[in-house]
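In what follows, a structure is listed as structure tokens, so that the remarks can point back to it.
The values are calculated or read from the model by the stated rules, or taken from the named source; none is laboratory data. Predicted, not measured: the structure shown is a model, and the values here were computed from it. Note: ideal-geometry Cβ built from the backbone for every residue, glycine included; neighbour counts use all protein chains shown. Remember, those area values only see protein heavy atoms, side chains included, never the ligands or the DNA or RNA. Shrake-Rupley method; radii C 1.70, N 1.55, O 1.52, S 1.80 Å.
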Amino acid sequence: QGNTSSDYVKVDIRELLWEDNFDTFDTSVWEPELGDGCPDLCGWGNQELQYYTSENISIAPITGDEDNNALVITAKKENKGGKSFTSARLNTENKLTLKYGLVETRIKVPDDLSTGLWPAFWLLGNNISEVGWPKSGEIDMMEMGYKAQALYDEGFEGASENDVVGGNIIFYSDAACSGDNPNCAASIASDKYYTKPYRSSTPLTNRFLTYRMYWDPNEIRLTIVDNGVEYDFYTGPFPLGPDAEEFHDPFFFVINLAVGGNFTDAAQDSQVTVNLPGEMLVIMLGYSNG
């Protein structure tokens, strides 16, 4: 299940720099992304099957805790823009950025992800419009919906999309350039000796879990907190060496719930078998300079 936080020196939490408890949808911070990514990035670069709309974003009380609200992204089976599904994606590009610090969020994914739902919480370099991806850098604090083969390759035989969550860090590397990888994107999740997605003995769906990123000029560490215990997604923090200059610039947040795509076993509409609608809830997001 990965290393616990006791394997690392704990980072002291300092001043809270920003927090959103989603009592309202703050348009000065969040911008919905619309459509299917075409013409520049059809399928959002991942062969996703949904059409993103702002109507699939809402703020709602949390069932059983009506004093607190959540950001809700709803994936639906409905036709729009030539697609058979709708959902939502939003970001803080050029509105809210950060460089270094401790990021923490609490997220609940739908009660079933199989097959075809792909919830993710991640960050992109705010200079992406200037340098492009992957030179901008990408930090995936959480994503679920793994292909069955990927679960098997990770040693999780018998697991489903509902049992495993992981993270990733993607950057440009000359060594990664090839005919199959013209963007020269390198990924720490591709190192089977380094990556360690988290598998729970009980489903990770339909309950809130805490995800953290510890980011300083020397390294990035990604974790999950489940039932009060913190687990690392990797065998050690990711060192910010000479091949990772992207991670010394500001990044912005992205939250989305995709339907189908390269991460999942649903490459076409007929392979999506999950019951819809499905809701992804975020009840807290904040970062400090600790």
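Can you work out the Karplus-derived ³J(HN,Hα) for every residue in region 96-111? Use 6.51 cos²θ - 1.76 cosθ + 1.60 with θ = phi - 60°, whole Hz, and x for glycine or proline.
Listing the rounded values in order: 9, 10, 8, 9, 6, x, 9, 9, 9, 9, 10, 9, 10, 8, x, 5 Hz.
Evaluate the distance, in nm, between pseudo-label points positioned 7 Å from the Cα of ASP216 and of ASP249 along their respective Cα→Cβ axes.
The answer from the label model is 2.4 nm.
Too long at a 28 Å Cα-Cα cut-off: which of LYS83/LYS196; LYS77/LYS135; LYS77/LYS108; LYS95/LYS196?
LYS83/LYS196; LYS77/LYS135; LYS95/LYS196
Over the chain, average the accessible area per residue using a 1.4 Å probe and give it in Å², no decimals.
Result: 45 Å² of accessible area for each residue.
To the nearest 10 Å², what's THR235's accessible area with a 1.4 Å probe?
My reading of the accessible area for THR235 is about 70 Å².
What is the set of long-range amide H partners of ALA70 at a cut-off below 5 Å, with H atoms built 1.01 Å from backbone N?
Answer set, sorted by chain and number: ALA60, ILE62.
Going by accessible area, probe 1.4 Å, with all protein chains left in place, what is the ranking of LEU113, LEU41, largest first?
Accessible-area ranking of LEU113, LEU41, largest first: LEU41, LEU113.
When only Cα pairs under 8 Å and 6 or more residues apart are kept, what is the percent relative contact order across the chain?
32
Which residue, chosen from PRO203, PHE233, ASN183, occupies the Cα position most advanced towards the positive end of the dipole of region 122-275, where the dipole is computed from +1 (Lys, Arg) and -1 (Asp, Glu) charges on Cβ about the Cα centre?
Farthest towards the positive pole: PRO203.
Normalised radius of gyration for the chain, please: alpha carbon Rg relative to 2.2 N^0.38 Å, two decimal places.
0.94
For a label point 7 Å from the Cα of ASN68 along Cα→C-beta, name the residues of region 220-241 whose backbone N is under 20 Å from it.
So the set is 223-231.
Indicate the gyration tensor shape class of region 138-290 (rounded, prolate or oblate), computed on the Cα atoms with a ≥ b ≥ c the square roots of the eigenvalues: a/c under 1.5 is rounded; otherwise a/b larger than b/c is prolate and the rest oblate.
oblate
Using only the heavy atoms of the protein chains and a 1.4 Å probe, how would PHE171, PHE253 rank by accessible area, largest first?
If we order PHE171, PHE253 from most to least accessible, we get PHE171, PHE253.
Along Cα→Cβ, 7 Å out, is where each label goes; now give me the distance between the ones at THR235 and PHE25 in nm to one decimal.
4.4
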